[in-house]
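Here's the structure we're looking at; comments come further down.
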Amino acid sequence: MQIGDLSRQAGVNIETIRYYERIGVLPKPARQSNGRRTYSTVDAERLGFIHHARDLGFDLPSVRVLLALQEQPEASCEDARRIAQGQLEEVERRIARLLSLRDELARMVGECHQGRVSECRVIEALSVS
């Protein structure tokens, strides 16, 4: 398949595919005689794996490790679990921070009586350093 087909199938921008090739998480594709890239179903599956991992928030170093682990089906999945556990903990930290932000914003909005700016609780709260 061509790069555009791969892009559409995986839901990944063409430039992202090229970037993944440059950094080595996606192998350089075969080239046709006219220089066009040609991708296989294996490439599409690998790209799908990368895309899903990135959607879950894994950074590229973690994706590299997970890809390497995927190529060792008989190995222990301890490292994969450790990486996923670390990502889960990071997501939980982000959720806690977002909940705190939501509470602060709700408090600011709730205390705003829609009077003059000189008395605006939103402006006042943002001015505190």
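The values are calculated or read from the model by the stated rules, or taken from the named source; none is laboratory data. Source: prediction; values computed, not measured. Positions of Cβ are backbone-derived with ideal geometry, glycine not excepted, and every protein chain shown enters the neighbour counts. What goes into the accessible areas is simple: the full protein's heavy atoms, side chains included, and nothing from ligands, DNA or RNA. Shrake-Rupley method; radii C 1.70, N 1.55, O 1.52, S 1.80 Å.
A single member of Asp79, Asp59, Asp103 is surrounded by 11 or more Cβ atoms within 10 Å (Cβ to Cβ) and either touching a Pro at 6+ places or on another chain (Cβ under 7 Å) or farther than 21 Å from Val12 by Cβ (or both), and it is Asp79. Here segment 24-35 is the region considered, the condition is being over 26 Å from the mean Cα position of the chain (by Cα) and of a type in the set (Gly, Ala, Ser), and the residue that is nearest to Val63 (Cα to Cα) is Ala30.
Quick one: which of Arg102, Arg107, Arg121, Arg94 is under 19 Å from Gly57 (Cβ atoms) and either in contact (Cβ under 8 Å) with a residue 24 or more places away in the chain or of a type in the set (D, E, K, R) (or both)?
Only one candidate passes the filter, namely Arg94.
Set side by side, the residues Ile17, Ile3 differ, and just one is touching a strand residue (DSSP E or B) at 6+ places or on another chain (Cβ under 8 Å) and open to solvent by less than 50 Å² (accessible area, probe 1.4 Å), which is Ile3. Inclusion of Ser33 among residues that are assigned to a loop (DSSP other than H, G, I, E, B) and either open to solvent by 100 Å² or more (accessible area, probe 1.4 Å) or touching an Asp or Glu at 6+ places or on another chain (Cβ under 6 Å) (or both) is warranted.
Mind checking which residues of segment 36-63 are within 16 Å of the chain's Cα centre (by Cα) and part of a loop (DSSP other than H, G, I, E, B)? Leu56, Gly57, Phe58, Asp59, listed by residue number.
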